[in-house]
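Read the structure below first, then the notes.
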Amino acid sequence: MRVSVGKHGFEYPQDKICVDDPRHVIPFIQEADVIVFMHSSFLALNEYYHGKRAFVFHGGTAYRQSPRKLNRFFNSFVEGSLIQTFDLWGLGAKNPSWVLPAVDTDLLQPVYGVPTDGKLVIGHYPSSSFKGTDTILKWAETIPKDRYEFKYDPQILPWAENIERIKECDILLEACMPDQGGVRYGFWGVQALEAAALGKIVASHFFGKQDYAKAFGPCPIIPTTDLGELEKFRELLETISQKDLLAYQSLFRQWVERFHSYEAVGRRLANVFRV
């Protein structure tokens, strides 16, 4: 059961149990055997956690920027840590397990097909300032306009509206941002999973690609961690036929179903919690 204090800014349709007052979470805590503190956030209801198994999920900016501080706090009482992306791995979290978010593959159905005008549509819709947008925009200026249409919108839309604009693309170029000032970035996010579930080709920065393959299995996401990889991505696009495009669409959809559907992530969590 997922309970949150306040709704997510993206207005996810899955935010079904949201409360305004933190104390309204107490009945759900009392019913639970395992508590997971999401995104390195702690809800100070200590007296109700007695006898509960506790874990923390580290998966965003807060942990990326302050891992030592958050490790000192959470490592003192949690049983283990769930790490979202490989660029957050190895930063000192207690008993880490690699668990990526799940996407609803029943709700997100693939949109297969080839461009009717022969142009591949590449979309870039950054959800934060950590997606390397400046690099991507410079690269987009160099691609042939007779073969590609590049769609860019920096506006952060509600989840449903963002899904609709992804559906209009053949390719999602999610991110291209290497290490910045000693702070590690470089792993694809939930938008990449959502696009793949929709049957889109996805390219993104991909720190730890080989480690992902060992932990999960083969991943079709095309790495674009720097300009050199963006150029390799362009070369790949030049070779894609309509037959190839349809094959890629199916490949990305199958990958999400296998490793990042609700069922797949549920099995992974059950293994972590040993239930």
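Nothing in this text is a laboratory measurement; each read-out follows from the coordinates by a stated rule. The shown structure was predicted, so the numbers you read here are calculated from the model rather than taken from an experiment. Cβ atoms come from the backbone with ideal geometry, glycine included; neighbour counts cover every protein chain shown.
Roughly what % of DSSP beta bridges within the chain run antiparallel, to the nearest 5?
If I count the DSSP bridges inside the chain, around 5 percent turn out antiparallel.
Could you tell me which chymotrypsin sites (Phe, Trp or Tyr not before Pro) in the stretch 17-117 are loop residues by DSSP with no more than 10 other beta carbons within 10 angstrom of their beta carbon?
none
For the stretch 164-170, just list the computed ³J(HN,Hα) in residue order, Karplus coefficients 6.51, -1.76 and 1.60, θ = phi - 60°, integers in Hz, with x standing in for Gly and Pro.
5, 6, 5, 4, 7, 9, 9
Which angle from 0 to 90°, rounded to the nearest 10, does the C-alpha axis of helix 227-239 make with the longest principal axis of the chain?
Long axis of 227-239 versus the principal axis of the chain: about 50 degrees.
Subtracting the Cα-Cα distance from 0.36 nm times the residue separation, let me have the gained length for Leu157 to Ala215 in nm, one decimal.
Residue separation times 0.36 nm, minus the Cα-Cα distance, leaves 17.6 nm.
How large is the dipole of the chain about the Cα centre if only Lys and Arg carry +1 and Asp and Glu carry -1, each at its Cβ, rounded to the nearest 20 debye?
In debye, rounded to 20, the chain gives about 880.
Would you calculate the volume per residue, in Å³, of the smallest convex hull containing every Cα atom of the stretch 120-259?
Taking only Cα atoms, the stretch 120-259 has a hull volume of 111 Å³ per residue.
If you take the square roots of the eigenvalues of the alpha-carbon gyration tensor of the stretch 92-138 and sort them as a ≥ b ≥ c, do you get rounded (a/c under 1.5), prolate (a/b over b/c) or oblate?
The shape class here is oblate.
Report, to the nearest 10°, how far helix 262-273 tilts away from the longest principal axis of the Cα atoms in the chain, using its own Cα long axis and a range of 0 to 90°.
Once rounded, the angle reads 40 degrees.
Beyond 30 Å, what share of the Cα-Cα pairs of the chain remains, rounded to the nearest whole percent?
When every Cα pair of the chain is considered, 32 percent fall beyond 30 Å.
Percent relative contact order of the chain, based on C-alpha pairs within less than 8 angstrom and at least six residues apart?
Reported as a whole number, the value is 16 percent.
Have a look at Ile122, Ile171, Ile240 and tell me which one the Gaussian network model of the chain (Cα, springs below 10 Å) gives the largest fluctuation.
It is Ile240.
Quick one: 3J(HN,Hα) in Hz for the stretch 208-218, Karplus 6.51/-1.76/1.60 with θ = phi - 60°, rounded, Gly and Pro as x.
x, 4, 5, 5, 4, 4, 5, 7, 10, x, x
By how many degrees, 0 to 90 and rounded to 10, does the Cα axis of helix 242-259 deviate from the longest principal axis of the chain?
In the chain, helix 242-259 runs at an angle near 10 degrees to the longest axis.
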